[in-house]
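As structure tokens, the structure follows; a few thoughts come after it.
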Amino acid sequence: YNLRASAQNDDRNLDIGEKSTIIYKVGARYKQYCSNVGRTMFIDPTPQMEKDYRILINIYLACNKILKPRTKICDVYKTAIGVIKRSNKKLVDKFVGCGFGMGLEYRESNLVLGEKNAQLLKTGMVLNFSIGFENLEDKGKKYAMQIADTILITTDGARLLTPVKRAWKEVAAFTGDDDDDDEE
């Protein structure tokens, strides 16, 4: 899995068997401005997949609280890493950034939400807040997960511009054995 914004599709078939994840992203332009939303769909997930996703949700919530004017961009990244270290230190090396600023350009390279960017968030900035884990493995199955949203920085904090559900019950699908064999 490659969760980078610059990742390209390839010719491999999509694996939608048990213990699979499907990451889908949609980008669009409105009046020349860019937006992006991404979610992960889990097919018959393992308990470890759910645990890792809940950590991702906790990162999302913790970072969302500080996405406001005058927050240092590097503090967003540090908040994410702090959540991971408190939850499962093994995931630090699997973490794929926090995203970047967006506008007329899809990716504003000077506004990468990384550990070294000391710029301050300002009212009116638009971010592609994108967090994820890649190269995960459970019971011999490799997988990745990601959440991405377009967020506007307002005087009151973060305003979600892509309100797509991300709760576990909305992104996990269980195929199970639904056969009702009453013919005994």
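Before moving on, here are some points about what is shown:
- Of all residues in region 20-31, none satisfies being assigned to a loop (DSSP other than H, G, I, E, B), at negative phi, modelled with pLDDT under 95 and loosely packed, with under 15 Cβ neighbours inside 10 Å.
- Boolean, Leu152 is of a type outside the set (S, T, N, Q), farther than 26 Å from Ile43 by Cα and out of contact with any Phe, Trp or Tyr (no Cβ under 9 Å at 6 or more places or on another chain): yes
- Among residues of region 142-169 being open to solvent by 10 Å² or more (accessible area, probe 1.4 Å) and part of a strand (DSSP E or B), the one that is nearest to Asn64 (Cα to Cα) is Ala158.
- Any hit, region 65-80, residues being among the aromatic types (Phe, Trp, Tyr), in contact with a Ser or Thr (Cβ under 9 Å, 6 or more places away or on another chain) and surrounded by 14 or more Cβ atoms within 10 Å (Cβ to Cβ): no
- Taking region 95-141 as the range and being within 17 Å of the chain's Cα centre (by Cα) and open to solvent by 30 Å² or more (accessible area, probe 1.4 Å) as the test, the residues that pass are Tyr106, Arg107, Val112, Val126, Asn135.
- Those residues of region 31-57 which are among the aromatic types (Phe, Trp, Tyr) and within 12 Å of the chain's Cα centre (by Cα), in sequence order: Tyr53
Conditions (1) in contact (Cβ under 8 Å) with a residue 24 or more places away in the chain; (2) farther than 21 Å from Lys31 by Cβ, marked per residue:
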residue	(1), (2)
Asn110	no, yes
Lys116	yes, yes
Leu120	yes, yes
Thr123	yes, no
Val126	yes, no
Ile151	yes, no
Pro163	no, no
Phe174	yes, yes
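- Residues that are assigned to a strand (DSSP E or B) and of a type in the set (Asp, Glu), drawn from region 97-141: Glu108, Glu134, Glu137, Asp138
The values are calculated or read from the model by the stated rules, or taken from the named source; none is laboratory data. Computed from a prediction, not measured in an experiment: that's the story for all the values here. Glycine also receives a Cβ, built like all others from the backbone with ideal geometry; neighbour counts cover every protein chain displayed. Heads up: the accessible areas ignore ligands, DNA and RNA and are worked out on the full protein's heavy atoms, side chains in. Shrake-Rupley method; radii C 1.70, N 1.55, O 1.52, S 1.80 Å.
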